[in-house]
Amino acid sequence: MSSTESFTVREAVPFIGENDPITLNNPYLASRDLTETDPLHVYHFGLDTDDLPGEFANVKYVLMGGSAKRAKNLALKIHEEWGYPIHRFESKPNLKNAVSDANFGPYRRWIGSKLKQALGVPVEIGSTERYSLYLVGDTMVVNHGMGLGSISILLHEVTILLHAAGAKGVEYFRIGTSGGYGEDAGKVVIANSATSDKLSEVNDQAYWPKTVAGKTELWRADADPNLIDELEAVADESYTMVARTMAKRSFYGAEARQDGAVCHLTKEEAEAFFIECRDQGILNSEMEAGEFYAITRQLGIRGAVVCVILDNALKHDTLSMTKEEKKEYSRRAEKVVLDYILRKSGTSPKPKDVSWLHRAIKSILI
């Protein structure tokens with residue numbers, strides 16, 4: 001760090017093994033029995049830690065991206081192309097109580113979830129006000145929203161749910177989009193570490209600056225190199241690279257973009273920033289990697305951020321590609337992680353035979 005200010009440094013904890021349970025790095029919760037004895041309400045998912053312990057216990061992979069629609073589509077893809085079952089968690093409400101209370105909302109949701117499951121449409125788990133969470137086989141798919149704060153909340157609360165359920169050896173993956181610094185649209189970056197958007201805070205030791213109780217702490221924020229090697233081994237080398245990723249606090253100013261409503265930068269100042277980023281080994285930027293790596297390393301959870309580049313800042317690109325191009329580029333990032341999971345599981349996909357009628361109905365529901 002360039003500053004002389006002293007920081008509390010939080011080193012990473014050892015990675016858990018494939019058969020090791022998730023543990024919480026919090027003495028106030030680690031000693032609690034979060035099941036039926038002393039459940040905790042996980043606010044942003046509208047769930048309690050004694051909900052769904054059997055289903056969550058089987059989770060091995062958590063796939064996350066920004067958009068709720070993309071999460072649903074990814075869950076559907078895994079169901080249809082891999083043959084993984086869709087889980088439904090709604091218990092049948094009491095019709096008599098619904099009549100007496102004049103509240104048929106829970107009953108309607110239960111009927112809807114039954115219909116979706118029958119049609120092979122992913123069923124949301126818990127509240128969908130802020131996040132949309134699905135479970136397909138041993139894979140949890142969830143959207144994290146946009147920005148460091150949003151993904152931070154998700155990481156804490158998903159981990160608490162999985163810990164309470166007794167899940168073992170879970171791996172986390174963020175699959176998304178990013179801006180490139182000298183790399184063209186369509187390139188995929190597997191992030192080996194996350195850096196700050198303040199170049200004065202970028203350091204060779206891969207630490208992420210965290211604000212805790214009004215003070216700055218440095219949390220280790222890099223990936224397990226073995227996992228990075230495994231992801232790189234299944235990736236298409238023609239468009240995939242491993243590099244550092246910058247996590248921005250905002251979309252426009254922090255990335256030195258010049259297409260926002262406010263911009264005081266000259267092109268020369270913006271380009272100097274992009275070049276300095278490349279000199280630091282940073283090839284792309286997004287808005288979540290810092291919290292992703294900082295929190296997973298404090299929990300000993302293996303994980304990786306895999307993002308496709310949608311524009312090249314050095315060419316002053318704007319996000320003007322066609323929908324088809326964006327879909328194709330996004331699939332590239334998904335493919336890296338999905339191919340890794342298939343290789344690790346040692347299984348072959350068993351695509352479901354979906355009738356045209358089911359596809360038509362799904363196109364309405366998705």
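The numbers here are math on the coordinates, done by the rules we state, and not lab data. Here the structure is a predicted model, which means the values were calculated and not measured. Glycine also receives a Cβ, built like all others from the backbone with ideal geometry; neighbour counts cover every protein chain displayed.
Output needed: percent of Cα pairs per 10 Å distance bin for the stretch 283-350, bins running from 0 to the one holding the longest distance.
16, 35, 33, 15, 1
Convex hull over the alpha-carbon atoms of the chain: what's its volume per residue in Å³? List each step's numbers first, then the result.
Details: hull volume 62.1 nm³, N = 366.
It is 170 Å³ per residue.
Got a sec? How would K168, K187 order by Cβ neighbour count within 10 Å, fewest to most?
Numbers: K168 17, K187 23.
Listed from fewest to most nearby Cβ atoms, that is K168, K187.
With +1 on each Lys and Arg Cβ and -1 on each Asp and Glu Cβ, and nothing else charged, work out how big the dipole of the stretch 252-338 is about its Cα centre, in Debye to the nearest 20. Spell out each step's value before the answer.
Values: 12 positive and 16 negative charges, 100 e Å.
Its charge dipole is roughly 480 debye.
Using the charge dipole of the chain (Lys, Arg: +1 at Cβ; Asp, Glu: -1 at Cβ; taken about the Cα centre), state which of N26, V42, V170 has its Cα farthest towards the positive end.
V42
Using only the alpha-carbon atoms, how far is helix 68-82 inclined from the longest principal axis of the chain? Give it as 0 to 90 degrees, nearest 10.
70
If you wrap a convex hull around the C-alpha atoms of the stretch 205-277 and split its volume per residue, what is the figure in Å³? List each step's numbers first, then the result.
On the way: hull volume 11.5 nm³, N = 73.
Cα convex hull per residue, to the nearest whole number: 158 Å³.
Loop only by DSSP, 13 or fewer other Cβ within 10 Å of the Cβ. Give me the GluC sites (Glu not before Pro) in the stretch 197-257 that pass, ordered by residue number.
Values: sites: E201, E217, E230, E232, E237, E255; in loops: E237.
Taking the stretch 197-257 and a limit of 13 other Cβ atoms within 10 Å, the loop GluC sites (Glu not before Pro) found are E237.
Rounded to the nearest 10 degrees, what's the angle between the helix 225-234 long axis and the longest principal axis of the chain, both from Cα atoms, 0 to 90?
Value to nearest ten degrees: 80.
Just to be sure I understand the curve: with the Debye formula and one point per C-alpha of the stretch 191-340, what is log10 I(q)/I(0) at q = 0.15, 0.16, 0.18, 0.21 Å⁻¹?
The Debye formula, applied to the Cα set alone, gives -0.85, -0.96, -1.17, -1.41.
Taking the Cα centre of the chain as origin, sum charge times position over the Cβ atoms of Lys and Arg (+1) and Asp and Glu (-1), and report the length of that vector in debye to the nearest 20.
On the way: 43 positive and 51 negative charges, 292 e Å.
With only Lys, Arg, Asp and Glu charged at Cβ, the dipole is about 1400 debye.
Give me T322, T35 sorted ascending by neighbouring Cβ count inside 10 Å, so fewest comes first. Mind showing how you got there, number by number?
Values: T322 8, T35 15.
With the fewest neighbours first, T322, T35 line up as T322, T35.
Under unit Cβ charges (Lys, Arg +1; Asp, Glu -1), what dipole magnitude, rounded to 20 debye, does the stretch 147-235 have relative to its Cα centre?
Values: 7 positive and 13 negative charges, 82 e Å.
Around 400 debye, computed over the stretch 147-235.
What does the charge add up to near V212, with Lys and Arg as +1, Asp and Glu as -1, over the other residues with Cβ less than 13 Å from its Cβ? It would help to have the intermediate numbers written out before the result.
Details: positive: R10, K210, K215; negative: E217, E291.
Residues near V212 contribute +1 overall.
Using a 10 Å cut-off around each Cβ, can you sort R220, R343 from fewest to most neighbouring Cβ atoms?
Working: R220 19, R343 12.
By the 10 Å Cβ count, ascending: R343, R220.
Among V123, H144, V62, which residue has its Cα furthest toward the positive end of the charge dipole of the chain, with +1 on Lys/Arg Cβ and -1 on Asp/Glu Cβ?
V123
Quick one: angle between helix 267-279 and the longest Cα principal axis of the chain, in degrees between 0 and 90, rounded to 10, please.
That helix lies at roughly 80 degrees to the long axis.
Over 20 Å apart: what share of the alpha carbon pairs of the stretch 122-255 falls there, rounded to a whole percent? Don't jump to the answer; show the numbers that get you there.
On the way: 5118 of 8911 pairs.
For the stretch 122-255, the fraction of Cα-Cα distances above 20 Å is 57 percent.
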